[in-house]
1. Exactly one of (1) of a type in the set (Gly, Ala, Ser); (2) assigned to a loop (DSSP other than H, G, I, E, B); (3) over 19 Å from PRO173 (Cβ atoms) is unmet by ALA30. Its number?
2. Could you check ASP112 against (1) more than 23 Å from MET40 (Cβ to Cβ); (2) without any contact (Cβ under 8 Å) to a residue 12 or more places away in the chain and say which number it fails?
3. Given the conditions (1) in contact with a helix residue (DSSP H, G or I) (Cβ under 8 Å, 6 or more places away or on another chain); (2) within 20 Å of THR25 (Cβ to Cβ); (3) of a type in the set (Gly, Ala, Ser), report the number of the one that SER139 does not fulfil.
4. Among residues belonging to region 137-163 that are farther than 21 Å from VAL84 by Cβ and among the polar types (S, T, N, Q), point out the one that is most open to solvent (accessible area, probe 1.4 Å).
5. Report, by residue number, each residue of region 47-84 that is in contact (Cβ under 8 Å) with a residue 12 or more places away in the chain, open to solvent by 10 Å² or more (accessible area, probe 1.4 Å), assigned to a loop (DSSP other than H, G, I, E, B) and under 24 Å from GLU121 (Cα atoms).
6. For residues that are in contact (Cβ under 8 Å) with a residue 60 or more places away in the chain and either more than 21 Å from VAL130 (Cβ to Cβ) or assigned to a strand (DSSP E or B) (or both), tally how many sit in region 161-177.
7. Read through the list (1) open to solvent by 80 Å² or more (accessible area, probe 1.4 Å); (2) in contact (Cβ under 8 Å) with a residue 40 or more places away in the chain; (3) outside any strand (DSSP E or B), then give the number of the only condition that ASN120 fails.
8. Starting from region 15-28, keep only residues that are within 11 Å of ALA51 (Cα to Cα), then list their pairs with residues that are of a type in the set (Asp, Glu) whose Cβ atoms are within a distance under 8 Å, requiring at least 6 positions of separation or different chains.
Amino acid sequence: MALSASVYKVTLNLSDTDRQVYLDTKLTLACHPSETEERMMVRLLAWCFNAHDDLTFGKGLSTADEPDLWQVAPSGVIEKWIEVGQPSVDKMKKGRSRSEQQIIYTAGRGRDQWWPTVANELTKFSDLSVYHLNADEVSELATLAAKNMTLSVCISEGSAFVSSDAQNVSITPLIDL
């Protein structure tokens, strides 16, 4: 019998002073049985860094034809293809052929092995941005995960300050590309 995803509910207050985006919203995140809370929280953080009315979460790890997040215009044009972790070059080529812009948020220690194997190929992409999140900061972010979360996220000068009632976490993505 297949395990089902765990559902997380997020009440989010977002203040992105870099892009002048301010909103209060509720999100539902499904955490696939093979996904860690760290990865799920990075998906949430990626949503915050790219918040837009048309930005949605993909169907999950088991769906190869969709990214972790994507921004699809009402016309059906895929404006952003966003991946979390260490996606394959083939998956990013698929994203490049289907979307206007691609973004990768790498997280954790695996990046040091992954990036040298794909950097040569990915640097050829004209509309790709790659951000690396520090493993210790991501671990701290994961401590905020709860089935029902109330989070405040302030983004300023490229850094995110994430807070719950109990804890505050600061994350500064490093730009790889």
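1. Result: ALA30 fails condition (2) only.
2. ASP112 satisfies all of (1) more than 23 Å from MET40 (Cβ to Cβ); (2) without any contact (Cβ under 8 Å) to a residue 12 or more places away in the chain except (1).
3. (2)
4. Here the answer is ASN148.
5. LEU61, ALA64, ASP65, ASP68
6. Residues that pass the stated criteria total 2.
7. (2)
8. What qualifies is TYR22/ASP16.
The values are calculated or read from the model by the stated rules, or taken from the named source; none is laboratory data. Predicted model only: the values in this text are computed from it and were never measured. Please note: Cβ atoms are built from the backbone with ideal geometry, for glycine as well, and neighbour counts cover all protein chains shown. All accessible areas refer to the heavy atoms of the entire protein, side chains included, with ligands and DNA or RNA removed. Shrake-Rupley method; radii C 1.70, N 1.55, O 1.52, S 1.80 Å.
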